[in-house]
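I have placed the structure first, in the form of structure tokens, so that the comments after it can refer back to it.
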Amino acid sequence: MKKVVSLIISAILVMSMTACTPTTTTSVTTKATDATTKATEATTKATEAPKAEGKVFNIYCWNTEFQVRFTDYFEKAGLIPAGVTVNWVITPSTDNAYQNKLDEVLLTQATLPDDEKIDLFLVEADYALKYVNSDYTMDVLKGVGLTDADIAGQYKYTQEIVTDSKGILKGVSWQACPAGFIYRRSIAKAVLGSDDPATVQAALSDMTKFSDVAAQAKAKGYFMLSGYDDAYRVFSNNVSAPWVDASGKIVIDPSIKAWVAQTKTFTDKGYNNKASLWSAESTAGMGKDGKVFGYFGPGWFFDFVMAPNSLADAKGKQEVGNGSYGDWAFVKGPQSFFWGGTWLCAATGSDNVSMTKAIMQTLTCDKTTLTNITKTLGDFTNNVDAMKEIAASSYVDPFLGGQNQITILIDAVNSIDMSKISPYDQGMTEEIQKAFMDYFNGTVTEDVAYANFYKAILVKYPNLTK
């Protein structure tokens with residue numbers, strides 16, 4: 001059932017995009033049409049005469065990152081309306097479980113009792129277009145009620161990624177996600193003789209230099225990276241064209257091939273620890289006894305992933321002296337890139353639109369709130385003026401050894417190009433990483449790895465061609 005649900009919503013998206021080829025099965029198309037009709041009916045109901053707001057506000061997401069920010073800057077500010085209960089439905093992303101759960105409920109949204117309807121749900125960059133280009137998300141301006149003035153201070157790329165094919169804005173985010181290289185200060189001293197960000201950046205300013213330092217780190221008993229996928233986003237977010245061309249043909253960009261070549265070299269030469277992203281082996285490298293020189297990532301990565309995993313005492317304070325906390329620093333690295341981001345989408349048919357508007361205004365538009373999130377949590381938040389002011393201030397991040405990383409991230413955010421994204425990015429990323437792990441480990445040839453990738457991806461997206 002879950003697979004069918006995902007196919008239905010995917011079919012709706014495919015039909016709405018002129019760059020995609022038609023679906024191939026009548027049964028899925030019929031179900032997709034029925035689902036679209038239901039969603040349209042829900043949209044109509046949502047624009048009828050105002051009615052009393054619901055008493056249960058349902059938020060669908062995959063982890064507690066947004067929940068922390070909601071609690072600290074919305075709930076504790078007393079902004080939840082009297083009599084309203086916030087219900088968090090948190091489903092981990094593993095094996096696509098979150099999207100499967102979300103899709104199941106969205107398909108029945110129009111017929112659910114009001115207090116069971118989804119009010120707000122979160123999406124990531126890799127699959128945002130799946131929901132943005134559907135009737136399941138509301139127009140943030142005309143539907144939710146935000147104004148052009150509300151969103152004027154946001155980074156434009158964060159709006160472009162959630163703007164549908166008709167030019168309608170379908171989501172907003174509290175964060176922007178320019179990224180760089182987060183390195184271990186003590187290891188940098190051992191390998192390069194200095195942990196100074198300027199010195200380290202000069203040593204890592206392109207991929208050739210990065211590989212040279214990887215060899216030096218190996219000679220000193222360290223791994224340059226944790227594993228196979230660590231550098232993937234540096235390459236995948238600097239491609240020259242989308243994964244799929246206008247005819248529906250899969251395109252393997254030269255930048256993706258460069259990731260394959262570098263990762264194979266790093267694996268063969270022992271420059272990485274053969275870990276998979278998110279695995280225990282990967283996060284272990286962040287701890288006190290870790291041997292990993294550094295990790296590629298944005299603000300959310302070192303706040304939400306690295307800082308907790310750096311602690312020797314997991315229940316202790318996040319402070320210098322607890323594990324490797326504070327023994328890190330941040331540089332641009334070989335190439336600017338971005339990674340991820342989380343967007344808030346208003347679900348069509350919600351009976352709590354006013355509260356959704358208040359959440360979006362407070363957590364994605366209010367400069368003071370966004371400034372405080374950066375200062376307390378290290379996020380690079382979605383307000384141009386706030387980030388400029390913090391970059392020029394005395395702000396420092398204790399996890400990064402007292403460094404103001406915002407100055408570096410501002411430079412990176414200006415190079416973000418969203419023109420190469422596609423609705424297939426999540427699936428392509430998952431399958432290319434999975435297929436090439438065997439190649440990196442030496443159990444299959446490169447040709448076989450590519451064949452396995454195409455086989456898997458054409459099952460996932462049968463409307464595409466090789």
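The values are calculated or read from the model by the stated rules, or taken from the named source; none is laboratory data. Nothing here was measured: the structure is a model prediction, and the numbers come from that model. Don't worry about glycine lacking a Cβ; one is built from the backbone with ideal geometry, like all the others, and counts go over all protein chains shown.
Observations, loosely collected:
- Scanning region 66-106 for residues that are at pLDDT below 95 and either in a helix (DSSP H, G or I) or among the charged types (D, E, K, R) (or both) turns up Thr94, Asp95, Asn96.
- For Asn441, the criteria (1) more than 23 Å from Glu124 (Cβ to Cβ); (2) out of contact with any strand residue (DSSP E or B) (no Cβ under 9 Å at 6 or more places or on another chain); (3) not hydroxyl-bearing (Ser, Thr, Tyr) hold in every case but one, which is (2).
- Just one residue in the set Asp289, Asp313, Asp303 is of a type in the set (Asp, Glu) and touching a Leu at 6+ places or on another chain (Cβ under 7 Å); that residue is Asp303.
- So Asp366, is it among the acidic types (Asp, Glu), on the phi < 0 side of the Ramachandran plot and at pLDDT 95 or above: yes
- Taking residues in region 178-199 that are more than 30 Å from Gln154 (Cβ to Cβ), and partners anywhere that are among the hydroxyl-bearing types (Ser, Thr, Tyr), the pairs with Cβ atoms closer than 6 Å and at least 6 places apart or on different chains are Ile187/Tyr222.
- Residue match in region 316-333 (condition: β-branched (Val, Ile, Thr), closer than 15 Å to Pro298 by Cβ and in the same structural domain as Cys61 (by TED's automatic domain parsing)): no
- Looking across region 308-328 at every residue that is touching a residue at least 12 places away in the same chain (Cβ under 8 Å), touching a helix residue (DSSP H, G or I) at 6+ places or on another chain (Cβ under 9 Å) and small (Gly, Ala, Ser), the one that is surrounded by the fewest Cβ atoms within 10 Å (Cβ to Cβ) is identified as Gly326.
- All of (1) of a type in the set (A, V, I, L, M, F, W, C); (2) touching a residue at least 24 places away in the same chain (Cβ under 8 Å); (3) touching a strand residue (DSSP E or B) at 6+ places or on another chain (Cβ under 8 Å) hold for Val305 with one exception: (2).
- Strands (runs of 3 or more DSSP E) wholly inside region 236-350 containing at least 3 residues that are modelled with pLDDT of 95 or more, of a type outside the set (Gly, Ala, Ser) and over 17 Å from the mean Cα position of the chain (by Cα): 272-275, 328-331
- Any chance Gly227 is closer than 20 Å to Lys189 by Cβ and either touching a residue at least 12 places away in the same chain (Cβ under 8 Å) or buried (at least 21 other Cβ atoms within 10 Å of the Cβ) (or both): no
- Filtered by the rule that a residue be buried (at least 20 other Cβ atoms within 10 Å of the Cβ) and in a loop (DSSP other than H, G, I, E, B), region 165-194 gives Lys170, Gly171, Ser173, Trp174, Ala176, Cys177.
- Qualifying residue in region 123-136 (condition: hydrophobic (A, V, I, L, M, F, W, C), assigned to a loop (DSSP other than H, G, I, E, B) and assigned by TED's automatic domain parsing to the domain that holds Ser350): no
- Condition check for Ala188: touching a helix residue (DSSP H, G or I) at 6+ places or on another chain (Cβ under 7 Å) and either farther than 19 Å from Tyr127 by Cα or in the same structural domain as Ala358 (by TED's automatic domain parsing) (or both): yes
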